[in-house]
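Below: one structure, written as structure tokens.
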Amino acid sequence: MLPIGGAVAYDITMERNVAKSPPKWAIIGMGPSGLTTLKNFRAAGIAAQGFEQRDEVGGNWYFGAPNSSIYASTHLISSKRMTEFTDYPLPKGLPPYPSHLQVWQYLKDYAGDFDLYPHIEFKQTVERLEPISADADSGWKVFLAGEAEPRRFDGVVIANGHHWDPSWPKIPGEFAGEIIHAHDYREPKIFEGKRVLVVGAGNSGCDIAVEAAINAKHAALSMRRGYHFLPKFLAGRPVDTMGHKLRRLPIPQGLRRMIAQWSIAFAIGKPQRYGLPKPDKPLFYDHPIINSHVTYYVGHGELGVHADVESLDGNTVRFVDGTSAEFDLIVYATGYRLSFPFIDVAHLNAPADPQDKQPRLYLHIFHPHRDDILVSGMIQPNSGQWGITDLQAQLMTRYLQAKRAGSRHATWFQRLKQDPKMGLPPGGTFRATERHQLEVDYYDYQQRLKRLIKKLEL
């Protein structure tokens with residue numbers, strides 16, 4: 001592996017848009033999920049061609065690129081050891097939570113060291129995907145911007161990510177000040193001299209609220225409900241690595257939750273002691289909020305806390321608890337929509353209901369009846385993701401290899417992926433909100449992938 005910040009293994013300007021062999025699979029998007037899919041396909045002898053609309057790999061971690069949601073101070077939320085690919089560790093010299101620039105270099109090094117650049121076409125926008133025929137597994141036509149005729153592939157892997165299409169709340173009234181979405185936030189200088197309200201207490205919202213507390217004339221955070229806040233470090237170690245050790249213990253889930261909740265409460269205290277709302281559900285029922293600074297700035301009176309927004313009127317924001325306050329700038333940190341602009345979601349086994357565009361895929365990867373379309377990275381784990389998407393890609397390749405070999409294990413897996421429960425956690429495991437529709441427990445999901453990979457290797 002090359003050192004972070006160093007040059008890639010060869011001149012990436014040479015032959016970067018030239019496919020070395022006739023491609024069979026198209027992989028759309030060269031962020032972390034697309035990169036590891038391309039790497040695993042090619043390592044397994046499955047010809048594949050990557051398509052990326054930007055001029056470099058990295059996806060969301062390509063700071064400043066169109067559709068990137070990264071801001072200048074972004075670091076990993078999960079620690080490097082819980083985030084990295086399975087066979088390509090983040091360098092020991094990096095901090096436990098690397099910056100976005102260090103992460104981007106890591107992804108470029110990954111592409112270079114595994115010789116992926118010659119198999120990626122950059123500045124290619126996929127406008128539409130269509131099945132070649134109505135028959136299952138007929139392959140796909142890939143329509144690219146600027147090309148008159150579609151290209152044909154035996155299969156397609158969609159890896160376009162789900163943190164790029166902002167979700168805007170519908171709030172009655174008109175606001176006289178400035179409104180932006182967290183997707184468009186880059187640097188804290190926009191806060192200077194302003195009264196700032198951040199709406200949404202997810203990880204990005206909390207990071208931005210802290211920057212507003214430091215730089216704005218006045219800063220506040222609007223929270224729909226109470227959350228558990230986890231520090232980034234516990235006993236001097238990344239909190240998720242400590243949690244991983246706990247997850248590996250053969251003890252009941254309730255006891256694990258009790259130990260974790262007691263440890264967090266002992267380390268930083270309960271949120272309500274700082275003036276934050278009391279959580280209404282146990283730890284891990286919601287996606288975890290990893291932030292060591294919100295409690296600090298709330299406790300010092302530098303960050304106000306409000307209930308959910310009810311309405312807007314000029315510069316006045318009214319909240320559902322009957323209070324109101326004046327602001328100059330609102331930042332909606334209200335998440336992202338799951339979007340596939342180049343394909344009819346009916347092809348991804350989405351319901352006929354136009355209001356429900358959630359694909360119904362086994363493990364969020366496999367179509368129950370087609371083997372020529374797969375999705376990579378369409379999950380929201382409660383820890384790092386890239387190692388998990390690496391395992392997703394390994395499972396894809398094992399299944400495709402088993403099917404090509406006519407293995408009975410492929411027939412078994414074809415039946416398995418028709419499970420109406422889609423191999424996902426039962427209802428009630430996580431909060432039933434749009435934000436949690438892709439939520440998976442990283443440990444349980446990871447272990448299931450490993451078991452299936454092993455089964456298909458037999």
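The values are calculated or read from the model by the stated rules, or taken from the named source; none is laboratory data. Source: prediction; values computed, not measured. Note: ideal-geometry Cβ built from the backbone for every residue, glycine included; neighbour counts use all protein chains shown. Note: accessible area is taken over every heavy atom of the protein model, side chains too, but ligands, DNA and RNA are not part of it. Shrake-Rupley method; radii C 1.70, N 1.55, O 1.52, S 1.80 Å.
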Scan the range 233-258 residue by residue and report those that are open to solvent by less than 70 Å² (accessible area, probe 1.4 Å) and in a helix (DSSP H, G or I).
Val239, Asp240, Thr241, Met242, Gly243, His244, Leu246, Arg247, Gly254, Arg256, Arg257
Across the range 416-458, what is the number of residues that are among the charged types (D, E, K, R), at pLDDT 95 or above and over 29 Å from Leu246 (Cα atoms)?
1
Enumeration of residues in the range 35-64 that are at negative phi, of a type outside the set (Asp, Glu) and out of contact with any helix residue (DSSP H, G or I) (no Cβ under 9 Å at 6 or more places or on another chain):
Gln53, Arg54
In the list Tyr297, Tyr227, which residue meets the criterion of being crowded, with 19+ Cβ neighbours inside 10 Å and in contact with a strand residue (DSSP E or B) (Cβ under 7 Å, 6 or more places away or on another chain)?
Tyr227
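Can you work out which of the residues in the range 328-368 that are within 30 Å of Glu192 (Cβ to Cβ) and outside any loop (DSSP other than H, G, I, E, B) is most open to solvent (accessible area, probe 1.4 Å)?
To start, the set of residues in the range 328-368 that are within 30 Å of Glu192 (Cβ to Cβ) comprises 328-336.
Those left that are additionally outside any loop (DSSP other than H, G, I, E, B): 329-332, 336.
Numbers: Leu329: 0, Ile330: 2, Val331: 0, Tyr332: 11, Tyr336: 58 Å².
Once the filter is applied, the top-ranked residue is Tyr336.
Being of a type in the set (Val, Ile, Thr) and closer than 27 Å to Ser69 by Cβ narrows it down to one of Val320, Val331, so name that one.
Answer to the check: Val331.
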Where the second residue is part of a strand (DSSP E or B) and among the small types (Gly, Ala, Ser) and the first is more than 15 Å from Asp165 (Cβ to Cβ) and lies in the range 175-190, which pairs have Cβ atoms under 6 Å and are six or more apart or on separate chains?
Ala176/Gly314
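For (1) of a type outside the set (Lys, Arg); (2) surrounded by 16 or more Cβ atoms within 10 Å (Cβ to Cβ); (3) assigned to a helix (DSSP H, G or I); (4) out of contact with any strand residue (DSSP E or B) (no Cβ under 8 Å at 6 or more places or on another chain), each residue gets a yes or a no:
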{"residue": "Ala410", "(1), (2), (3), (4)": "yes, yes, yes, yes"}
{"residue": "Phe413", "(1), (2), (3), (4)": "yes, yes, yes, yes"}
{"residue": "Asp419", "(1), (2), (3), (4)": "yes, no, no, no"}
{"residue": "Met422", "(1), (2), (3), (4)": "yes, yes, no, no"}
{"residue": "Tyr443", "(1), (2), (3), (4)": "yes, yes, yes, yes"}
If you go through the range 51-93 one residue at a time, how many are within 29 Å of Gln124 (Cβ to Cβ), among the β-branched types (Val, Ile, Thr) and part of a loop (DSSP other than H, G, I, E, B)?
4
By residue number, the members of the range 261-290 that are among the aromatic types (Phe, Trp, Tyr), modelled with pLDDT of 85 or more and crowded, with 16+ Cβ neighbours inside 10 Å are Tyr274
Quick one: Ile251 ticks every box in (1) in contact with a Cys (Cβ under 8 Å, 6 or more places away or on another chain); (2) among the aliphatic types (A, V, I, L, M); (3) free of Cβ contacts under 8 Å to residues at least 12 places away in the same chain except a single one, so which number is it?
(1)
What pairs come out if I take residues in the range 88-103 that are of a type in the set (Phe, Trp, Tyr) and pair them with residues that are open to solvent by 20 Å² or more (accessible area, probe 1.4 Å) whose C-beta lies under 6 Å away, six or more apart or interchain?
Tyr97/His75
Residues to consider are Ile179, Ile171, Ile208; find the one that is open to solvent by less than 10 Å² (accessible area, probe 1.4 Å) and closer than 30 Å to Gly275 by Cβ.
Ile208
Counted residues, the range 148-166 - those being over 12 Å from the mean Cα position of the chain (by Cα) and open to solvent by 60 Å² or more (accessible area, probe 1.4 Å):
5
Selection from the range 150-189 of residues of a type in the set (A, V, I, L, M), within 24 Å of His218 (Cβ to Cβ) and out of contact with any helix residue (DSSP H, G or I) (no Cβ under 9 Å at 6 or more places or on another chain) yields Ile171, Ala176, Ile179
Quick check: anything in the range 32-39 at pLDDT 95 or above, charged (D, E, K, R) and surrounded by 15 or more Cβ atoms within 10 Å (Cβ to Cβ)?
yes
For the range 369-384, the count of residues that are over 21 Å from Gly50 (Cα atoms) and either in a strand (DSSP E or B) or open to solvent by less than 10 Å² (accessible area, probe 1.4 Å) (or both) equals 3
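Within the range 98-130, track down each residue that is of a type in the set (Phe, Trp, Tyr) and surrounded by fewer than 19 Cβ atoms within 10 Å (Cβ to Cβ).
Of the residues in the range 98-130, the ones of a type in the set (Phe, Trp, Tyr) are 104, 106, 110, 114, 117, 122.
Phe122, the sole residue that qualifies.
If you scan the range 81-97, which residues turn out to be touching a strand residue (DSSP E or B) at 6+ places or on another chain (Cβ under 6 Å) and open to solvent by 20 Å² or more (accessible area, probe 1.4 Å)? Spell out how you get there, then give the answer.
Of all residues in the range 81-97, those touching a strand residue (DSSP E or B) at 6+ places or on another chain (Cβ under 6 Å) come to 96-97.
Answer for the range 81-97, where residues must be touching a strand residue (DSSP E or B) at 6+ places or on another chain (Cβ under 6 Å) and open to solvent by 20 Å² or more (accessible area, probe 1.4 Å): just Pro96.
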